[in-house]
Amino acid sequence: MLSMDLEEGTVAGCTVLGRDLVVWRDAGGQAHVWDDRCPHRGMRFSLGIVRAGMLACLYHGWRFGPDGRCAHIPAHPELSPPPTLRADPLTAAERDGLVWVALGDAPAHGPATGVSAPCVPVRSLAVDAPAQEVARAIGLPAGSRAGGLDRDIDGLVLAAVLPVDRARSMLHLLVIRPAGVGTDRDRRRRVAVWGQDLRDRLEGAWAAA
Ligand code: FES
């Protein structure tokens, strides 16, 4: 997801390769990604809130620290929860204006994008088409899920395609800003419109296939 969509002290849910995840940012600005399931009774963590620097589950209010350990149980405030009572944090990193998570053998820092300049976020689009189709349509090399684009659109754009499941994707768009080059609102708007048109074309083609 775009880093800008995750403010300090907020929680969001997303799905990657069919796996439901919670993404939350602590008061220090660090982003965390865990499986979206509380180890107590299985409530979705993404419905919870950030309290005292911890992720608090909506159901019974148990709080889990950034290391995943349960640190507070409201019904038993005097209890020191055992270390086995914990969520399992996944390896996450932020780069190029995006939050990346490592699933399986994927690198923790996300795929190499070849982008060396700062990126300004534009928008994220849900696309009802497989990630490989989206990646192919925007001109990413075969097997690649993220990279700089320099075609059809207004200047340099970083695109990242996330496979939600076998039939759906998220497309994240950012404007690459080389030193000394501005990113005015019109440019971001043109890139956003380009993304919407691309989504409409892809969904139409995929639905007709
Ligand atoms: S289900 Fe999360 S605290 Fe009970």
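Data for the structure
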item: DSSP bridge orientation in the chain - percent antiparallel, rounded to nearest 5; result: 100
item: Rg and Dmax of the chain, Cα atoms only, in Å; result: 18.9, 61
item: Per-residue Cβ neighbour rank within 10 angstrom, fewest leading, Thr84, Thr15; result: Thr84, Thr15
item: Dipole magnitude of the chain, debye to nearest 20 (Cβ charges: Lys/Arg +1, Asp/Glu -1, about Cα centre); result: 100
item: Rounded Å value of the spacing that divides the Cα centres of region 4-52 and region 189-209; result: 29
item: Signed unit charges on C-beta, dipole axis of the chain, positive-most listed residue Gly29, Ala160, Leu79; result: Leu79
item: Rg [Å, one decimal], Dmax [Å, integer] - region 3-93, C-alpha atoms; result: 12.3, 40
item: Ranked Met1, Met170, criterion: other C-beta atoms within 10 Å, fewest first; result: Met170, Met1
item: Taking the chain and dividing mean pair separation by its residue count, relative contact order in percent (alpha carbons under 8 Å, at least six apart); result: 16
item: Distant alpha-carbon pairs in region 113-208 (separation over 21 angstrom), percent; result: 27
item: Which of Trp62, Trp194, Trp100, Trp206 has the fewest Cβ neighbours within 10 Å, and the rest in rising order; result: Trp206, Trp194, Trp100, Trp62
item: Relative contact order for region 10-103, counting Cα pairs under 8 Å that sit 6 or more residues apart, in percent; result: 21
item: Degrees, to the nearest 10: 185-208 long Cα axis against longest axis of the chain; result: 90
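Readers should treat all values here as calculations from the given coordinates under stated rules, not as data from a laboratory. Keep in mind it's a predicted model, so treat the numbers as computed, not measured. Virtual Cβ from ideal backbone geometry, glycine too; neighbours counted across all protein chains shown.
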